[in-house]
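K.L.:
Sharing a structure here in structure tokens format.
Only the coordinates and a few stated rules stand behind these numbers; no lab work does. The model shown is predicted, which means the values in this text are computed figures rather than measured ones. Note that each Cβ is placed from the backbone with ideal geometry, even for glycine, and that neighbours are counted across all protein chains shown.
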Amino acid sequence: MKRYRNGEVWDFEHENPLSRDGSDVILGLDGGTTSTVCICMAMPAASRDGVPDPLPVLARAVAGCSNHNSVGEIAARETLEQVMADALSKSGSNRAAVRAVCLAVSGVNHPTDQQRILDWLKDMFPSHVKLFVQNDAVAALASGTLGRLHGCVLIAGTGTIAYGFTEDGREARAAGAGPVLGDWGSGYGIASQALTAVVRAHDGRGPQTMLTHSILRRLSLPSPDELIGWTYADPSWARIAALVPIVVSCAEAGDQVANKILQDSVKELAASVKAVVQRLSLSGEDGRGRFPLVMVGGVLEANKRWDIGKEVVNCILKDYPGAHPIRPKVEPAVGAALLAWNFYLRESENHFDNIRIHRIPTA
């Protein structure tokens, strides 16, 4: 095994050459624009038909951004390697005990992205380790379905994406193209529309709104003119998306401009899900078939009176009454670990099936 770029991150293996008790482990990683979480889990003893309760989570490690589009490929890989090493170290295990790894990372949008990361992982782990690379939306889906890839997930936090899988392995996505190309309905989208509304009101091009006073007070700015400098001084997505609670509070107070922004976000988020459901025929031929709809992200969390997530679900149910909303009880990194487990079982079953098929009968 190579140390790859960060030689010192695996030094703990010299002090701990054996796993904690000789047991096999799996790694599940959820890598996003804001943070990266890795879960080290003991290889579950349950069958493929059942998920153990409680889940045998051994350790959890957290690091920063691992989206290569945001921080560059080298920095992203260093973060991924560090967080996996930290999780193994905390669990008292090492790479020799790993049986499967699932990296679910934002910015993995094309097979070439997957292959680059797979090639890098092969240098890091022993040849027996099963390696799987997915978009982070897949881990979010698995966190609601407990490792089963079927249904649709809607993520609405700083950004947004809808991602779906059929039971026969077909997949489709909508949105998730970033703030310039179409993260409408996301936290960034909502907040940027609010900032635009304040500027329009100040110019006289739009209606007056409570957003002006509320946002200026939050940012300690004396005038809407100052918003231009504040926005472009650091136009990071998360910094702007942090203004969403102000939009919600203004909408709950009856501000029509804020209400319209949230209503538009509901339509956009629902449209993303509907696009995925339609492309994959998740609801069946009659449009009434049942499928999991996993809801993840701060934008979809309930508020006092303006519950964006509830409104999105209601909008979807009008066209697809078989949608079954799920709020995950485990975090996406655990979903990635369960995916690693299921992928490992499936690969092992296929391997043994091939052995049986090619076995030469003895006399």
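K.L.:
Relative contact order of the chain, please, whole-number percent, based on alpha carbon pairs below 8 angstrom and at least 6 residues apart.
P.N.:
On the way: 706 pairs, mean separation 70.8, N = 363.
For the chain, the relative contact order is 20 percent.
K.L.:
Note down the net charge around Asn135, summing +1 for each Lys or Arg and -1 for each Asp or Glu among other residues with Cβ under 9 Å from its Cβ.
P.N.:
Working: positive: Arg173; negative: Asp113, Asp136.
Value of the local net charge: -1.
K.L.:
Let me ask another. Projecting each Cα onto the charge dipole of the stretch 178-326 (Lys/Arg +1, Asp/Glu -1 at the beta carbon, about the Cα centre), which of Leu227, Ser272, Gly182 comes out farthest on the positive side?
P.N.:
Ser272
K.L.:
What fraction of the DSSP beta bridges in the chain is antiparallel, stated in percent and rounded to the nearest 5?
P.N.:
Among the beta bridges of the chain, antiparallel pairing accounts for roughly 55 percent.
K.L.:
Here's something else I'd like to know. Could you size up the charge dipole of the chain around its Cα centre, putting +1 on the beta carbon of Lys and Arg and -1 on that of Asp and Glu, and report it in debye to the nearest 20?
P.N.:
Values: 36 positive and 39 negative charges, 100 e Å.
I would put it at about 480 debye.
K.L.:
Using θ = phi - 60° and the Karplus form 6.51 cos²θ - 1.76 cosθ + 1.60, what ³J(HN,Hα) does each residue of the stretch 210-222 get, whole Hz, x for Gly and Pro?
P.N.:
Coupling constants for the stretch 210-222: 4, 4, 4, 5, 5, 6, 4, 5, 4, 8, 6, 10, x Hz.
K.L.:
Just give me a number: lysine pairs in the chain, eight or more positions apart or cross-chain, with C-alpha atoms less than 29 Å apart.
P.N.:
25
K.L.:
Compute the helix-to-body angle for 256-280: its Cα long axis versus the longest principal axis of the chain, expressed 0 to 90° and rounded to tens.
P.N.:
It works out to around 30 degrees.
K.L.:
Hey, another quick one. With θ set to phi - 60°, apply the Karplus curve 6.51 cos²θ - 1.76 cosθ + 1.60 along the stretch 310-322 and write out the HN-Hα couplings as whole Hz, x wherever there is a Gly or Pro.
P.N.:
With coefficients 6.51, -1.76 and 1.60, one gets 4, 5, 4, 4, 4, 5, 5, 5, 4, 9, 10, x, x Hz.
K.L.:
Exposed loop GluC sites (Glu not before Pro) only (DSSP loop, at most 15 other Cβ atoms within 10 Å): please give the longest stretch of the chain free of them, not including the sites.
P.N.:
1-166
K.L.:
Can you tell me, using C-alpha contacts under 8 Å and at least 6 residues apart, the relative contact order of the stretch 172-312 as a whole percent?
P.N.:
Values: 152 pairs, mean separation 38.9, N = 141.
It comes to 28 percent, rounded to a whole number.
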